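Computed from the coordinates by the stated procedures, all read-outs in this text should not be read as laboratory data. The structure displayed is predicted, hence computed values, not measured ones. Cβ sites come from the backbone with ideal geometry, for glycine too, and all protein chains shown count toward neighbours.
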Amino acid sequence: MELREFAERILLSESLDEKLSRAASAYGGWTDKRPGKTWRPERPARSSDLQFAVRRTAPVMPKPGALKDPKKRAIAHHIMANHELQALEVMAWVLVAFPEAPAEFRRGMVDVMADEQRHTRLHVERAAVLGLRFGELPVNSYIWQKAQQFESVLDYLAGLPLVFEGANLDHTLEFATYFEQAGDDRSEAIMRAIHHDEIHHVAFGLEWLRKLKSPEQSDWEAFQSHLKWPLRAEKARGDIFQREARLAAGMSEEFIEQLDPSLKQTMRTEH
């Protein structure tokens, strides 16, 4: 399957099943002979019940203590399903918006996108088990809207892998703990599995930031220079900072210190 065809299917299909279809028969046989012309769609096609809602009308994430209620856990999975779906759609947008990007980067995106498809399904299925069909609640467009500011692959790398997915290194384990406290083993397991994948996604983003940035720039300088407001370094972490996950993703200690200066003294003491 052509990468362009794969990306266009995700962006143009209103069917969630089609968006989440990995085309497994084509796995390992992807081609990129026809990357096509630059195309930057203003929004992805979606079914009527998953259209982006008016700002501030989608539900907010339930507080941790509320997750003892299965209905609240269903809402949490519904919100996270939309986050994962938006990430998938943004990655498809990158493939069509920057057809000149290195072929190795474009092929690598497919593996990350396959994870996003799986994550979306996990959240959708868990919400359904908890009594909530995906699309019953309004969904926001925050991640998609921020992506519309990306003017280069480096902007994308700084914004989505290193801010949104970087923060998810923390959020996934935070929610795993909340679900564990609520006695929901399945939801906890989903979050821990996604956490493992996010390490690889952040590593992919960091690898390509290093390959594409100016040689004179440090990782941190390149990251900072390609952030588009309101995305900023403070958004790249959650409440409980996961240093080990960031080391596993290949971040240097200097980069990690910049993300969370409170770690500086601890890290120097250890060394």
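Given the rule -39500 (n - 2.57) for each run of at least 4 DSSP H residues, summed and divided by the residues of the chain, what is its mean residue ellipticity at 222 nm, to the nearest 500 deg cm²/dmol?
Values: 12 runs with 154 residues, N = 271.
-18000 deg cm²/dmol, from helical runs alone.
Restricting the calculation to Cα atoms, the range 136-216 yields a radius of gyration followed by a Dmax of 15.5, 50 Å.
The relative contact order of the chain, computed from alpha carbon pairs under 8 Å that lie at least 6 residues apart in sequence, is 19 percent.
Straight-line reach from residue 71: taking Cα to Cα under 17 Å and skipping same-chain neighbours fewer than 8 places apart, the lysines in range are 63. For the range 26-103, the list of chymotrypsin sites (Phe, Trp or Tyr not before Pro) that fall in a loop by DSSP and count at most 12 other C-beta atoms within 10 angstrom reads 27.
For the chain, the membrane-span-like helix rule (DSSP H, alpha carbon extent of at least 27 Å along the helix axis, mean Kyte-Doolittle at least 0.0) picks out 70-97; this says nothing about an actual membrane.
The C-alpha radius of gyration of the range 53-124, expressed as a fraction of 2.2 N^0.38 Å, stands at 1.40. Over all other residues within a Cβ to Cβ distance under 13 Å of residue 141, the charged ones net out to +3, with Lys and Arg as +1 and Asp and Glu as -1. Extent along the principal axes, Cα only, for the chain: 52, 50, 35 Å, with the longest axis given first. For the range 76-175, the average shadow cast by the Cα convex hull is 6.4 nm², which is a quarter of the hull's surface. Loop-resident GluC sites (Glu not before Pro) (DSSP state other than H, G, I, E or B) in the range 168-257 with no more than 11 further Cβ atoms inside 10 Å of their Cβ: 216. Length gained on full extension, residue 151 to residue 207: 18.2 nm, using 0.36 nm per residue less the C-alpha separation.
Of the GluC sites (Glu not before Pro) found in the range 1-102, those in coil by DSSP whose Cβ has at most 16 other Cβ atoms within 10 Å are 14, 42, 100. Placing a pseudo-label 7 Å from each Cα along the Cα-to-Cβ vector at residue 200 and residue 107 gives an inter-label distance of 1.6 nm. A straight chain from residue 180 to residue 136 at 0.36 nm per residue would run longer than the Cα-Cα distance by 13.3 nm. Where in the chain is the longest stretch that carries no trypsin sites (Lys or Arg not before Pro) classed as loop by DSSP and with at most 10 other Cβ atoms within 10 Å? So the longest stretch without any such site is 57-271. Per residue, the average separation of C-alpha pairs within less than 8 Å and at least 6 apart gives the range 124-271 a relative contact order of 29 percent.
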